[in-house]
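Enquirer: Dropping the structure in here first, questions after.
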Amino acid sequence: MSQEAVPEQEAARETSVPEQGPPGLLQQMEELMAALNADLTQLDADLQQSTSAGDTTHPAPRPPAGDEPTRS
């Protein structure tokens, strides 16, 4: 055999995730959830501000799904 035996520690180190490599799926999901949470927090703050400013207009109610007239 021409290949040398690789100690287990070196083999485990070679198969581990690189520290400086691209972000993993879990990290990407955490970043997306943090961004979504920040957006929702800002939206909630904007809605609270507009509600407390006396904005009492309500959108027209929408008919329930299935009750809409069909177009032929």
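Enquirer: Out of all the residues in region 25-32, is one or more open to solvent by less than 90 Å² (accessible area, probe 1.4 Å) and either at pLDDT below 70 or aliphatic (A, V, I, L, M) (or both)?
Expert: no
Enquirer: Now for a separate question. Out of everything in region 44-72 that is acidic (Asp, Glu) and modelled with pLDDT of 70 or more, what residue ends up being nearest to the chain's Cα centre (by Cα)?
Expert: ASP44
The values are calculated or read from the model by the stated rules, or taken from the named source; none is laboratory data. None of the values given here were measured: they were computed from a predicted structure. Side chains are part of the model used for accessible areas, which takes the heavy atoms of the whole protein and leaves out ligands, DNA and RNA. Shrake-Rupley method; radii C 1.70, N 1.55, O 1.52, S 1.80 Å.
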